[in-house]
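A short write-up of the structure that comes next.
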Amino acid sequence: RAQAAPIRWRMQTYAGAALGEHVCKPAIELFNKIAAGQMEIELYYADQLVPTSELFRAMQSGTIDAVQSDDDSMQSPTEVTVFGGYFPFASRYSLDVPVLFNQYGLKQIWEEEYAKAGVRHISAGAWDPCHFATKDPINSLKDLEGKRVFTFPTAGRFLAQFGVVPVQLPWEDIQVALQTGELDGIAWSGITEDYTVGWADVTKYFLTNNISGAWIGHFFANQDRWNEVPEHLQALMEVCFEQSHYYRQWWYWGGEADLRVNGPKLELTSIPDEEWATVEAAARTFWDEIAAESETKAKVVEIFKKYNDVMAKSGRPYRYG
Amino acid sequence: MPRFLVMFVRITEAVNYRVGRIAMYLIFVLAAVLMWSVISKAFFRPALWTQEMAQFTMVGYFVLGGAYSLILGANVRMDLLYGRWSPKTQAAVDIVTIFALIFFLATILWGGIESTAYAFEVGERSRTVWRPYMAPIKIVICTGVFLMLLQSVCFLIRDIATLRGERI
Amino acid sequence: MPYEYIAIVMFMGMMAMLLSGQRVFAGIGFVAVVAAIALWGDRGGYDIAFTSAIKLMNWYPMLTLPMFVWMGYVMSETRLADDLYRMFHVWFGPIPGGLAIGTILLMVLVSAMNGLSVAGLAIGATIALPELLKRGYDKRMVTGIIQGGSSLGILVPPSIVLVLYAMIARQPVGQLWLAGVFPGLLMAGFFLLYVVIRCGLNPKMGPPLSREELATITWSERIRLLRAGVLPVVIFASMMGPFVLGYVSLVESSVIGATIATFVAIAKRRLTKQVWETCVVNTLGVSCMFMWILLAALAFGAVFDGLGAVRAIESFFLEDLGLGPWTILILMQVSFLVMGMFLDDTAMLVIVAPLYIPLVAKLDLGMPPGDVLIWYGVLYTITCQVAYITPPFGYNLFLMRAMAPDQVSLGDIYRSIVPITGIMLLTLAVIILFPEIALWLPHQVYGQ
Ligand code: NA
Ligand code: NA
């Protein structure tokens, strides 16, 4: 029985190997196993084939067939880029992300935006919340002043008003930069990643307040390549990527709680709720600034507002107080 | 050799020499930027732009200086066999293998032009807080690679002249 | 064609291109883009080639390269090491083999002041070698120790090779640099022992300074010359101190070192117009050479990675051969050494290291995972040192051929490296057996 040569895809994730082990690899292995030789996805980690800043273009041109990333990290030239990764206070729980995409219409907006660039938006999923991990304890907003912190561009832009000095360094240099005193902390992930990638070894304190409850990331594919794949394999890919979103739901959710309570390396600190409410209020102003930039952005912000309004009114367990 | 080829070699090499002599001093710009980074961190608020500016300067240094470094013969060759050949044999082999250099540079240039066009199209900016536009540095890369490409063609012409027993 | 075969064809193609004598970066880059086009179409070729330039730009620590190259040229061209050589000359001259011992110590100090081996070789070949030959030292012995000693430049911090390794293995440069200190000193110690033993067995190989000559050196001059030893201490401390303590970044420390070296040269009125010209032009030339090889090798590496060559090698060693971790480690070093003889050294770093580092990380050597890649960084650097001096292709060999006085023939140079290679391999074996020699210092400074 002659079997056709398998379809081979190259996928590159924004994540380095240590993190990719959890956020991407299991789903790809699962897909390859079920596809049983009809198709094989080869997984590459951050910067392996092309640098992350050129990731989108490489997918657009077909050098890479598929990508796992947030919009912000790969600098997608779309109207929705600023919402990828962490958009301040847009979500509280990781379940918010699939709800926003599937029930509140973000999925359509993302699909349309990427279709314009010849890219297929396969699906969106949630990662971890965005917390500070620092070398000195943070107990009030004042403690944040003058701290050199590694964070996302959008988050950095937002946090600058509280005296934070956002610093950009290559991701791999963060651990060393913390060790050698170039950085005072990071606002990049939840506690699970802090432990997984080794940052917990070089920081001492973990701030329980977060500026976003869930990171938004996606699976994308080059549209032409996607069209070449038979329908049943397209469906399989969708299912496996959904499975990856599900894996991350419990991996992060369980990990965040467990490491806060049982993790040996980081001491927890908190900023009082009343004080943190001023940061949340500042985020609303920030939203309006972003909404004023374009029609699409206004539409997305509108959806965030509507959703958070429903959550606030619905009471426990959606929102407390 | 035809006069226009000789002129081409003369003009190209003169341009590359001058561009390279200027690019050569970018190392001091690089050092100054990094020194400012040390000073601003020690005495003021850490500067947000120094690291990227330094990276851009370094790229300018070795890309714009690339053609001049080719003229200087700074790019190492494995001379196990090559070193034992006569100048004529060397020229004959180079006439064939120079296409590797030309092809490699042309590929970079092609990708560079596409990437630059893309940078203009979407107004591409770096994702740091400083957010510089990316088009200028991509133009620098394209320019430097283009000059190196011209220089490679000069080598080809010179090698053909050597085989014909002429000197340019 | 299965990917493994493409990978082999690529490798053979690269070797053929190198043997043709075309510029090394052209050969590597050409094979890379042709393979990328064959695999992924013309777009693939353009993307891989151009994005390699962007990748190189993002390799932030590579900013140290032009700084270290500049520093090396300033040091050798302005003869900043003259006084240093003179210091060792008068203090060690009176004992048998003393000038050779002094030369090794000089090489160690020069290594602590720059990140490559070129400066050490230039200083050794132009200052020490003529003196040693004049005094009747055995030419093969001293040619060898200068080549070996200068290669300490990449093992004793600061080191460009360890910066490159750190980028590929994603390990902290500070720890790697500190890990190189004791292995570097150990290797220097073996060189010393070698000189002492040979001159002890045969005093004609390293005659002491004559009484008449010694009588001409006053004690006040001897004391005065000790001040020369201050320079390397100042340069080393001002570069390494702020970096290890966290006041400045790696790149910033390199610019501090380069600046200090430049000011010292100006203060000593040695930076003449002609020296300046040589330094500026050669720094550009050497930096361009390195950068373009790195750029081409990054493209080559990306295609190799795309072929799954890393995974193929991993499964070959771990599953197909079913070898134990130590056997694999030794096989890797042996193959690395063999490739190091033939391949361009810089290209080898960028092409071979990404294949081997993930494999090392997977080996269970009974060491904490955080330590394995730091320790391997030292093994890797020593292997590079060997590659630098082994024929037919080695930078130090090239340079020695160009710089050595006429009475040292090519045959002398080739024969001189035999015992030196032996000593390097001995050091390699000792570090493999006793990883603590490398790991102790980083543990002390940065904690476990
Ligand atoms: Na060194
Ligand atoms: Na070699």
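Taking θ as phi - 60° and the Karplus parameters 6.51, -1.76 and 1.60, the scalar couplings of the stretch B:103-111 work out to 5, 4, 5, 4, 5, 4, 4, 4, x Hz in sequence order, x denoting glycine and proline.
Stretched out straight at 0.36 nm per residue, the stretch from C:A16 to C:L410 would grow longer than its current Cα-Cα span by 139.3 nm. Taking amide H positions as modeled 1.01 Å from N, with prolines and chain starts lacking one, the residues under 5 Å from A:I211 and 5 or more places away or on another chain are A:C130.
Distances between placed amide hydrogens fall under 5 Å for A:I7 paired with A:M39, A:E40, all partners being 5 or more residues away or on another chain. Its Cα centre serving as origin, the stretch C:39-192 has a Cβ charge dipole (Lys and Arg +1, Asp and Glu -1) of approximately 180 debye. Based on the convex hull around the alpha carbon atoms, the stretch C:3-446 presents an average projected area of 22.0 nm². Computed from backbone phi with θ = phi - 60° and the Karplus coefficients 6.51, -1.76 and 1.60, the 3J(HN,Hα) list for the stretch A:293-304 is 6, 6, 5, 4, 4, 4, 4, 5, 4, 4, 5, 4 Hz; x is used for glycine and proline.
Shown here are the Rg and Dmax of the Cα trace of the protein assembly as shown, at 29.3, 101 Å. Note on the stretch C:3-446: dipole from Cβ charges, positive end direction compared against C:T283, C:L428, C:F342; the farthest Cα belongs to C:T283. Of the residues A:L159, A:L144, A:L49, the one that moves most in a GNM of chain A with alpha-carbon contacts below 10 Å is A:L49. Which one, A:G198, A:G85, A:G156, has the greatest fluctuation when you compute a Gaussian network model over chain A with C-alpha springs under 10 angstrom? With Cα springs under 10 Å in chain A, the top fluctuation among A:G198, A:G85, A:G156 is at A:G198.
Relative contact order, percent, of chain C when contacts are C-alpha pairs under 8 Å separated by at least 6 residues?
The value is 25 percent.
Here the label points at A:K204 and B:I71, each 7 Å from Cα along the C-beta direction, are separated by 5.8 nm in the simple model. Shielding by partners for peptide A:52-64, expressed as the average number of C-beta atoms from other protein chains within 10 Å of each residue's C-beta, is 6.
Between C:W276 and A:E29, the simple spin-label model (points 7 angstrom out along Cα→Cβ) gives 6.2 nm. The spacing between the stretch B:118-168 and the stretch A:118-140, judged by their C-alpha centroids, is 39 Å.
Fewest neighbouring Cβ atoms within 10 Å first, the residues C:C384, B:C154 line up as B:C154, C:C384.
Of the residues A:F132, A:F31, the one with the fewest other Cβ atoms within 10 Å heads the list, and the complete ranking is A:F31, A:F132.
Here the Karplus relation 6.51 cos²θ - 1.76 cosθ + 1.60, evaluated at θ = phi - 60°, turns the backbone of the stretch C:168-174 into coupling constants of 6, 8, 6, 10, x, 4, x Hz, with x for every Gly and Pro.
When chain C is treated as a Gaussian network with alpha carbon springs shorter than 10 Å, the biggest mean-square fluctuation among C:S287, C:S416, C:S20 belongs to C:S20. For the stretch A:94-114, backbone nitrogen atoms closer than 14 Å to the point 7 Å from A:E295 Cα along Cα-to-C-beta are found at A:113. Amide H contacts under 5 Å for A:Y44: A:M11, A:Q12, A:T13, restricted to partners 5 or more places along the chain or on a different chain, H placed in the peptide plane at 1.01 Å from N.
No lab work stands behind these numbers, since they all come straight from the coordinates. Computed from a predicted model, the values in this text were never measured in an experiment. Glycine also receives a Cβ, built like all others from the backbone with ideal geometry; neighbour counts cover every protein chain displayed.
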